[in-house]
1. Could you list the trypsin sites (Lys or Arg not before Pro) in segment 31-81 that lie in coil according to DSSP, counting only those with at most 13 other Cβ atoms within 10 Å of their Cβ?
2. Beyond a 30 Å Cα-Cα separation, which of these cross-linked pairs lie in this structure: LYS26/LYS86; LYS30/LYS55; LYS30/LYS70?
3. Within segment 1-75, list the GluC sites (Glu not before Pro) lying in a DSSP loop whose Cβ has at most 11 other Cβ atoms in a 10 Å radius.
4. Connecting C-alpha atoms closer than 10 Å in a GNM of the chain, tell me which of ILE17, ILE80, ILE91 has the biggest fluctuation.
5. Let me check I've understood the local charge: for THR93, count other residues with C-beta under 13 angstrom from its C-beta, Lys and Arg +1, Asp and Glu -1. What total comes out?
6. Given a Förster distance of 35 angstrom, what is the FRET efficiency for HIS22 paired with LEU64, based on the Cβ-Cβ distance and rounded to 0.05?
7. Quick check: net charge around GLN5, other residues with Cβ under 14 Å of its Cβ, Lys/Arg +1 and Asp/Glu -1?
8. For the chain, what is the convex hull (Cα atoms) projected area averaged across all directions, in square nanometres?
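Any read-out appearing in this document is the output of simple, stated calculations on the displayed coordinates, not a laboratory observation. Predicted model, so just to flag it, every value in this text is computed and none were measured. Cβ coordinates were reconstructed from backbone atoms using ideal geometry, including for glycine residues, and neighbour counts include every protein chain displayed.
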Amino acid sequence: CERKQECTKAEQRTICIDPREHLIEKMRSKLDTVAGRKKYGKRKYLVEPIFGDMKYNLKIRELLLRGKIKAGGEFLLVCITHNLRKIAKYITTRGINPDYQPIEA
């Protein structure tokens, strides 16, 4: 580079590029469109609150098991817990079963 002396005094300089750079660029190009921003904006109220609930209320900040299969299984158990809590709340607030009494922990 003709301006090398301005940015470094080293004899050699290495620039590392993330191997996932093409994925980052692909996402940036999606977000540059109006439709992409609108679609991605839905995450704020569809997906992110669930992860926040898992992290804050269920105290799941990290997975305890390692490996794709084991970590995936652990995450599925957390998702099942989340869904069961939603079902229980729906049943109790809608009065589907008036005889239902929640168990106090």
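1. Details: sites: ARG37, LYS38, LYS39, LYS42, ARG43, LYS44, LYS55, LYS59, ARG61, ARG66, LYS68, LYS70; in loops: LYS42, LYS59, ARG61, ARG66.
Sites meeting the loop and neighbour criteria: LYS42, LYS59, ARG61, ARG66.
2. Values: LYS26/LYS86 35 Å; LYS30/LYS55 28 Å; LYS30/LYS70 32 Å.
From LYS26/LYS86; LYS30/LYS55; LYS30/LYS70, over 30 Å: LYS26/LYS86; LYS30/LYS70.
3. Numbers: sites: GLU2, GLU6, GLU11, GLU21, GLU25, GLU62, GLU74; in loops: GLU2, GLU11, GLU62.
Sparse-neighbourhood loop GluC sites (Glu not before Pro): GLU2, GLU11, GLU62.
4. ILE17
5. Values: positive: ARG85, LYS86, LYS89, ARG94; negative: none.
Neighbour charge sum, excluding THR93 itself: +4.
6. About 0.60, to the nearest 0.05.
7. Net of charged neighbours comes to +1.
8. The directionally averaged projection comes out at 13.7 nm².
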